[in-house]
1. Look through the range 145-168, keep the residues that are more than 28 Å from Thr127 (Cα to Cα), open to solvent by 30 Å² or more (accessible area, probe 1.4 Å) and not small (Gly, Ala, Ser), and return whichever of them is modelled with the lowest pLDDT.
2. Given the criterion aliphatic (A, V, I, L, M) and either part of a helix (DSSP H, G or I) or under 21 Å from Asn19 (Cα atoms) (or both), identify the matching residue among Ile129, Ile150, Ile180, Ile125.
3. Kindly indicate which of Lys187, Lys160 is part of a helix (DSSP H, G or I), without any contact (Cβ under 8 Å) to a residue 24 or more places away in the chain and among the basic types (Lys, Arg).
4. Could you check how many residues of the range 47-64 are modelled with pLDDT under 95 and in a helix (DSSP H, G or I)?
5. Out of the residues in the range 95-130 meeting the condition of being touching a strand residue (DSSP E or B) at 6+ places or on another chain (Cβ under 7 Å) and small (Gly, Ala, Ser), tell me which one is most open to solvent (accessible area, probe 1.4 Å).
6. Answer yes or no: is there a residue in the range 69-87 that is assigned to a loop (DSSP other than H, G, I, E, B), open to solvent by 40 Å² or more (accessible area, probe 1.4 Å), at pLDDT 90 or above and not polar (S, T, N, Q).
Amino acid sequence: MKINYNDLVLNKNIQYSHNPFGGIDDEELLDIIDPKHSFEKLIQTLNQDSPIIIQFVGRKGRGKTTHLRALHQLIPEAEMHFLNRSTYKWIVDNTNKYTFIDSVHHISWRKRLQLWRNYSLSYVITTHIPRDLEFLFCKRKYKTFYFNGITPEKLEIIIKKRISQFSYIKYQDILLNQTILNQLIQKFGDNIRAILNFLYDRFKIESYGY
């Protein structure tokens, strides 16, 4: 399937400051993100009387890390770790009330159990598969938020927010080709990262002639 950038965005002659489909700085996330789950609800869950583990569950590219980064903007005092094996000891020694861990699968289940047994801490983690058995084994309170599924309406919001952020056109004035939105979902499913990467490449080729 060949998608022409000019066929997706019906408004012509838009001036962009950046490619709207590229990476987003942490400080820009809250202006651009269309939350899959309410940040207010997530914060309320974390602020319960007893520590809790929140797990963001979904396949790659579904928005887990983006939401974790955005939540960190709202709770900047939390410890944030983009996990790899070398950072494990640092996390274990952490005493911060809130600990955010991206890609928790990078450490073994034995070491993860050590983390969950720090009963004074609340965690927010991203994971490809639910870790319910680990939490139950460690007698931890937890809540799961799933990241899957997308509709043309949601994809339209995501794209329009990005275009508005990196151009001078207002969100409400942006017009998108609904047929192409549906074609993107047919091709990539709910893999938002793959859709944005695809559009990023098309934007470069067709807008700048790379």
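1. Looking at the filtered set, the residue picked out is Tyr168.
2. Answer to the selection: Ile180.
3. Lys160
4. So the count comes out to 0.
5. Selected residue: Ser103.
6. Yes: the range 69-87 contains one or more residues that are assigned to a loop (DSSP other than H, G, I, E, B), open to solvent by 40 Å² or more (accessible area, probe 1.4 Å), at pLDDT 90 or above and not polar (S, T, N, Q).
The values are calculated or read from the model by the stated rules, or taken from the named source; none is laboratory data. All values reported here derive from a predicted model rather than from experimental measurement. Cβ atoms come from the backbone with ideal geometry, glycine included; neighbour counts cover every protein chain shown. What goes into the accessible areas is simple: the full protein's heavy atoms, side chains included, and nothing from ligands, DNA or RNA. Shrake-Rupley method; radii C 1.70, N 1.55, O 1.52, S 1.80 Å.
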